Structure formats: C-alpha cells, structure tokens
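This report refers to the structure that appears directly beneath it.
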Amino acid sequence: MTRTLSWALLAALLALISGCNKSPAVGGTAGDASALTLKANEQFAQLLKLDDPQDFDDAKRGFIARPTGQVVGADGAVLLDFDAYKFVEGKSPPTVNPSLWRHALLNAQIGLFEVTDGIYQVRGFDVANMTLIEGKTGWIVVDTLTARESAAAALAFARKHLGDKPVTAVVFTHSHIDHFGGALGVITPQEVAQRKVPVVASAGFMEEATSENVMVGTAMGRRSIYQFGRDLEHSPKGNVDTGLGKSVVYGTFGILAPTQIIAQPTQDLVLDGVRFIFHNVPGAEAPAEMTFSIPDKKAYGGAENLSQTMHNLLPVRGAKVRDSLRWAEYMQQALDQLGDADIYFGQHNWPIWGNARIADFIAKHRDVYKYTHDQSVRLINAGYTPREIADTVKLPKSLGEHFGARGYYGDLRHNVKAVYQFYMGAYDGNPANLDPLPPQESAKRYLELMGGADKVVTAAQLAYDKGEYRWAAELLNQAVFGQSDHKGAKELLARTYEQMGYGSEAATWRNSYLTAAAELRNGPPKKGVDRAGFIEMLAQTPIERFLEAMAAGLDGPAAEGKNLKVNLVLSDTQESFVLWIENAVLHFKKAPAAPDANATLTLTKPIFIKMMAGTAGIKDTLLSDDLKIGGSKIDLVRFFTLIDKAPGTFAIVTR
C-alpha cells in the first residue's frame, strides 16, 4: 500500500478510516435475459400465487399522499429521487425474478400512510420506515431513517399533511444506522435538552451504534455496495429493490444519545401520554434491539426482528453471525406478547391487520429460523459441509409458500452457512482446506492443468449455453483470477452473473451479481464509502474505538523492529493516551503523557474526528492553533506512515 513521507501531508497520513459519496451509476451495457433464464423465471412464477391481492391491499391501506421530486444534499447532489423506481409497475420483465418483482411492487407503494388512528408511517423516503405516533402534545418518532436529509424530508412531508406539531419523543428500535442516522433531521440535541424530550433506546444501543462499523467499516462498506446495488442503474436490468425497501440514502449521518434506557426484559414507559410496553430482544437481528406494544391502540411494533421477508443470519456485506435459535425464541415471545393486538407494523415494509393473521405471520418467521437452525445442525452432525447443506435444506411447503418469510433480503442458502459458521467456524473439516493456496495462485495452476484460459472459456460457454450458470461462474472465476487480462473470460463471466442476477429472488443476491458484472466490465468503483458523512455520529464514538481501528491498520511487516511511542492528548476533553509499537503491534492505554515518548500530538476531539473521517485539511492540522506537536516531528510522521489507509475501492471479482 502506497505511503507518502512528506511532512506537509501529515493530515492525510492521519486519515486512517476512508470514507460514502454516491457514485454515478456504473456504465457498460447490460445484456438481455437468455432464453433459459426467461424459461426459468416463467416456471418460477408457476410455483407461487403471485396474484394474491392481500399484500397489495395491506401495502396500500391507509394511503394519504405520495411524495414527488427529489431529496438533495447540501452540495446539490441528488440523494433520493422519488421517481427512480417509477419503472416498477405492471408485469414482471424478463430480467427480474417474478417473485422479487412482486416484492418490489409492494415496496414501491411509498408515501404517508395511516396505520390506525394516531399511528402513521412514512415509507419510501429511505430503506427503513419512519413511524409517527400521535401523543397528547406532539409526535413520537419511532426511528429516524439513515440520513439527516431523508429524515427531515419525511417529517416535513408528514407535518404538511398531518399538522405541524413538535417532536415530543424519539424511539430508536435498534442499533443499525438506517434506524437512527437521521436523528438530527428530526430534532437537535439542543431541543432535546431544552424541552427535556425523551430519547428512548435499549441497553447497549449507544455502544453498538457507534462502534459497529469502525473496526472493519472500510471492507464492510465496500461489500455493502454489492449488497445494496449502490452503483447500479435503476432499471429492469439493474437495481429494482433492496428487499427491506427501495434504497439507502447516503447523506449526512448523526445520532442522539438516549436519555431513557430500556434495561429490563419488559418495561413500561409513558411517552407524551401514550403507554408503551417495551421488550428487549438483543443479539438476534441487532446486538441492541427492542420491540414494543401500544395496548390502547391494540398495536404491536416488531422493529426489524419481523419484516416482510426472511432476514439474513449473515449479511452478504459481512457482519458478526446472528443467532437463529435466539431469533426463533424471540418470535415465540412475540406470540406470547401479542395478546389481543390486531395491528402489526414494522420498521421496514408494510403492516398487517387482524390478530389471527399477525399470529400466523409471527409463527411462520419463528419456524423459518428454527427450521433453518435445526436442519443445519442435523446435517452438521451428519458430517455435511456448508456448501452441501446449502444445496440440501429446503423449507417445507407451509413455510416456503408464505410470502412474508421468503428470501428477498436474507436467503436460505446463505443462512444455513451462517448457522454452520456460528457453531463450527469457517473451516469445513477437510484438511485440504486448512492451508489452501491463495485464489490467484490456485487459479493459475488450474488454468495450466486445463490447457489455458481459452479452453476454460470454451467449456464455460458450453455450460452457459445449457443454463448451468453456477458451473460456468466457477470455471470463469478461475480464468479471471488466473489470467486477469483475458477479456473473453471477463465478458462471459459478466454475462453469466447477469443471468444469475436476473433469476435471483433475493434482492441482495441480484444486486451482488449485477454489481459484479459491472465491475468485470468497468473495474472497481472510484470512491468507497466516505466517512465524511459520519462526522456527527463519529463525534459520539469513544476515542478508544478509533485507536483500536488504528492498531488494526498497522502494517506489521513494515513495523517490525521499530519501537516508537507517541502521546495523544485531547485538549478539550482532557483525555490523554499513550500509543506505542512493540513487537510490530500497536498498543495504547489511557494515561498521562509519557516523558520518554518520541512525540506528543495535542489537538481537540473535533479535529481528531475529522482526521479519522479523512476530512481534515491543512487548516485543521498544520495551520490550526488547536493542534500542537511536541518532540520529533520526523518520528511522528514515521509513526503514522506505518498505519495503512484503506480506500475501500479494492477489487472483489478481479485481482
């Protein structure tokens, strides 16, 4: 990884966490659905009752108004275009799995909706929903979307039609950014303090919310571009949905510190005259999460433990593996907590009405996660490997035909691998996989054995022509990794991924395949996930999390034999840390400045945060009165040049 030793670029050397600017849609020409893909999609359509109107009635029920126009950032960039998915209408096109198309049609029902008297939802302003509950004096806002811009637009749109009442409480259902990142577009910290507005979250929320993406945020952000299809055009050959909603808004992200913590398994709380019963459900869909009931409305809010799709136990973008057995247990608890509630609403997708229908919905989700867990474990104990289990486990008909639990966001084949990893780790027990060659090296040897890339492409073409896309992809992956300049292999693999994407029921798989096809033709993105938009959220993150990330960014081989010690002093918070390299490992401790340090860096926390986000310039660093350097400037530069700055644009399907 390139390093610059120029002292004038110290600020750049400190920018350890690269950051998310919205890149333009990827260029290149997408292909058509092959005759075999078209036939497969037609056959798929016969397996399900795609014309069942119930979900469409639910998705449209209570409609008040639909937004028009765009949501624009401070720099004029379009963050959200309400007409972007206008093409999602009518019959399924040949290039989209018909079941996914049905789901995309349902998620395309955007706007302001009345769930019941006093409960409203704004859908389609982001990947998540904003729920508004009418209190005695104002609006209780449940989840504030991903970005300040989308949240402000959603609340303004609701107020336009429902009345300009103040926000009297904020509830964060869980610690994922699409549910809290827009907080500062709803209410400011000053308003929270002055009006004593309750901000409610479950135990552990703040720690989980601020630390989730710091350690491996660069890699996870890069892979999220695949999962959400960030750079794909919105069209029948591109991005049609994300599974949980239409699209993620990449704007300005913030957070509010909770003033009221839900720490008990079940806890009552009255917010602006409305009684809530909160239920703690940590460690399944999110490390910190809670659901709730509103008894007087006979309503149950399922947060994201319940959505109109099978969820993922291990996102394709990467994350810690989720506990499917605990998830199933929470679903049983939800059935017990449901009582006489006849309204269900979640923070994604659309609601359900009717106690019996809601109970059936919850039970189906419970059994999908329990069946996935139990059958995976059964096959693990029978000696099956993850890939074998993925090809073996099929849901029973009673679960497989339930639209609300089909794999539009999660996917059964991926989820069973997550169960395997949860218990057994990534190693499948075969010693051949203990120390395999790197992909490029093994690919080169396979190509040599098979007679070269041209012969592999010929074999892959035969597989492609027969609709054996999985095998074609496996062959072509060897050709691309083994001979990266082989244009024929890249193009055929791109076409193969397109067909796999066109047939995928999971939006996350479709987006991944189609993004891979675009990358094969055009290369990796020019920009990764920019941390600049996270400044307001990162300001709430403890300094220790950044220092942990710095340690994980140390170039071990380059640091071997180097013993450097640096004092980091935050002048505004009166915090002091000692950082030192020993045995090619970066350590730190909270302590007074060490007198034997090579250098001392004194600065304010806001400047430090800008450095971590990669937005600090010369004025913030070298020319700032709030940044001072004591000791050896040369050693300070040497220290920070040992920390890699990953741009988050690494290649995934090519090397």
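The values are calculated or read from the model by the stated rules, or taken from the named source; none is laboratory data. Everything numeric in this text was worked out from a predicted model, so none of it was measured. Here the Cβ is made from the backbone with ideal geometry for all residues, glycine too, and neighbour counts use every protein chain on show.
Structural remarks
- Screening Trp327, Trp353 for residues that are under 30 Å from Phe125 (Cα atoms) and in contact with a Lys or Arg (Cβ under 8 Å, 6 or more places away or on another chain) leaves exactly one candidate, Trp353.
- Taken over the range 152-161, the criterion of being surrounded by fewer than 17 Cβ atoms within 10 Å (Cβ to Cβ) and either closer than 15 Å to Leu80 by Cβ or in the same structural domain as Glu536 (by TED's automatic domain parsing) (or both) is satisfied by Ala156 alone.
- Among all positions in the range 87-103, there is at least one residue which is closer than 30 Å to Lys298 by Cβ and either under 23 Å from the mean Cα position of the chain (by Cα) or not in a loop (DSSP other than H, G, I, E, B) (or both).
- If you check Glu548, Glu544, Glu536 for being over 22 Å from the mean Cα position of the chain (by Cα), in a helix (DSSP H, G or I) and assigned by TED's automatic domain parsing to the domain that holds His587, only one passes: Glu544.
- The sole residue among Glu441, Glu474, Glu448 that is surrounded by 13 or more Cβ atoms within 10 Å (Cβ to Cβ) and more than 23 Å from the chain's Cα centre (by Cα) is Glu474.
- For the range 101-133, filtered to residues that are in contact with an Asp or Glu (Cβ under 8 Å, 6 or more places away or on another chain) and of a type in the set (Gly, Ala, Ser), the residue that is surrounded by the fewest Cβ atoms within 10 Å (Cβ to Cβ) is Gly118.
- Scanning the range 134-151 for residues that are more than 21 Å from the chain's Cα centre (by Cα) and either more than 16 Å from Ile343 (Cβ to Cβ) or surrounded by 24 or more Cβ atoms within 10 Å (Cβ to Cβ) (or both) yields Gly135, Lys136, Thr137, Gly138, Trp139, Ile140, Val141.
- Residue within the range 483-492 that is in contact with an Asp or Glu (Cβ under 6 Å, 6 or more places away or on another chain), crowded, with 17+ Cβ neighbours inside 10 Å, modelled with pLDDT of 95 or more and not in a helix (DSSP H, G or I) present: no
- The range 190-219 residues that are farther than 13 Å from His179 by Cβ, paired with ones that are acidic (Asp, Glu) (beta carbon under 8 Å, 6 or more apart): Val197/Glu191; Val214/Glu548; Met215/Glu548
- Boolean, Thr600 is within 19 Å of Glu544 (Cα to Cα) and either in the same structural domain as Leu476 (by TED's automatic domain parsing) or over 26 Å from the mean Cα position of the chain (by Cα) (or both): yes
- Residue in the range 580-595 that is of a type in the set (A, V, I, L, M, F, W, C), under 12 Å from Leu642 (Cβ atoms) and under 32 Å from the mean Cα position of the chain (by Cα) present: yes
- Residue satisfying condition, being surrounded by fewer than 24 Cβ atoms within 10 Å (Cβ to Cβ), at pLDDT 95 or above and not assigned by TED's automatic domain parsing to the domain that holds Arg413, within set Ser504, Ser512: Ser504
- Total residues in the range 22-45, condition modelled with pLDDT under 95 and of a type in the set (S, T, N, Q): 2
- Strands (runs of 3 or more DSSP E) wholly inside the range 279-391 that include at least 1 residues being surrounded by fewer than 19 Cβ atoms within 10 Å (Cβ to Cβ): none
- Among residues of the range 610-655, those that are buried (at least 16 other Cβ atoms within 10 Å of the Cβ), of a type in the set (D, E, K, R) and at pLDDT below 80, counted: 2
- Given (1) of a type in the set (Phe, Trp, Tyr); (2) buried (at least 21 other Cβ atoms within 10 Å of the Cβ); (3) in contact with a Leu (Cβ under 8 Å, 6 or more places away or on another chain); (4) more than 24 Å from Val141 (Cα to Cα), index of the condition Phe56 fails: (2)
- Among (1) in contact with a strand residue (DSSP E or B) (Cβ under 7 Å, 6 or more places away or on another chain); (2) modelled with pLDDT under 95; (3) within 22 Å of Val248 (Cβ to Cβ), the one test that Phe113 misses: (2)
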